1. Across the range 3-45, what is the number of residues that are more than 11 Å from Val81 (Cβ to Cβ), out of contact with any strand residue (DSSP E or B) (no Cβ under 7 Å at 6 or more places or on another chain) and assigned to a loop (DSSP other than H, G, I, E, B)?
2. All but one of (1) surrounded by 15 or more Cβ atoms within 10 Å (Cβ to Cβ); (2) under 20 Å from Asn116 (Cβ atoms); (3) hydrophobic (A, V, I, L, M, F, W, C) hold for Ile3; state the number of the condition that does not hold.
3. May I ask you to say which residue of Val84, Val120 is in contact with a Lys or Arg (Cβ under 7 Å, 6 or more places away or on another chain), of a type in the set (A, V, I, L, M, F, W, C) and either part of a loop (DSSP other than H, G, I, E, B) or within 24 Å of Ala48 (Cβ to Cβ) (or both)?
4. Only one of (1) buried (at least 20 other Cβ atoms within 10 Å of the Cβ); (2) more than 16 Å from Glu106 (Cα to Cα) fails for Ala43. Which number is that?
5. Can you say whether Ile76 is surrounded by 16 or more Cβ atoms within 10 Å (Cβ to Cβ), modelled with pLDDT of 95 or more and outside any helix (DSSP H, G or I), as far as the supplied structure shows?
6. Is there a residue in the range 47-62 that is at pLDDT below 95 and charged (D, E, K, R)?
7. Give me the pairs, please: first residue somewhere in the range 99-115 and under 11 Å from Gly60 (Cα atoms) and in contact (Cβ under 8 Å) with a residue 40 or more places away in the chain, second residue anywhere and of a type in the set (Gly, Ala, Ser) and surrounded by fewer than 18 Cβ atoms within 10 Å (Cβ to Cβ), beta-carbon distance under 8 Å, and either six or more positions apart or on two chains.
8. Select, from Leu130, Leu104, Leu141, the only residue that is in contact with a helix residue (DSSP H, G or I) (Cβ under 7 Å, 6 or more places away or on another chain) and aliphatic (A, V, I, L, M).
Amino acid sequence: MSIKKGTAWKFGDDISTDHIAPGRLFHLRTNLPELAKHVLEDARKDFASEMKKGDFIAAGRNFGLGSSREHAPAIIKLSGVSGVLAKSFARIFFRNSINIGLSLIECNTDLIDEKNEIEVDLKNGIVKNLSSDIEIPITPLPDIMIKILNEGGLVEHIRKHRDFQLL
């Protein structure tokens, strides 16, 4: 399904993988559901305990910078977040997220405020801010990436199609 609705949680620029998956909790890396209970707590203490399944992260520039640890996008997804909207993403974080089936949307997040209700339509490349009744264009994802996301990530896509040639 390429249309998702939820509440936006605002974050700033340069949210690193250490903010997402706190390094002091490295010992939980083999227990991702437990680590997900601490997602983004170094950027915002109340996020993991107050967000609801289906909510969105709306951030600034360079979301996911830092180490290439796959734990960061995995625990965002495990926490129930529908997707991350940001002005830009760190390259390896972007690829890791698509591979595990976490939707990433590049758009002007200045048009989204804390707790706005939003609707994301990946197929048509639009974010609707339902709280302010505006549409925000997004950087469109290639069809294959939307297909990978809809199928739950790259591993599920390959299992389903038994095909390693994606393009």
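The values are calculated or read from the model by the stated rules, or taken from the named source; none is laboratory data. The structure displayed is predicted, hence computed values, not measured ones. Please note: Cβ atoms are built from the backbone with ideal geometry, for glycine as well, and neighbour counts cover all protein chains shown.
1. Residues that pass the stated criteria total 14.
2. The failed condition is (1).
3. One residue alone meets the criteria, Val120.
4. Status for Ala43: all satisfied but (1).
5. For Ile76, the condition - surrounded by 16 or more Cβ atoms within 10 Å (Cβ to Cβ), modelled with pLDDT of 95 or more and outside any helix (DSSP H, G or I) - is not met.
6. No, the conditions are met nowhere in the range 47-62.
7. If the second residue must be of a type in the set (Gly, Ala, Ser) and surrounded by fewer than 18 Cβ atoms within 10 Å (Cβ to Cβ), the pairs left are Thr109/Gly60.
8. Only one candidate qualifies: Leu104.
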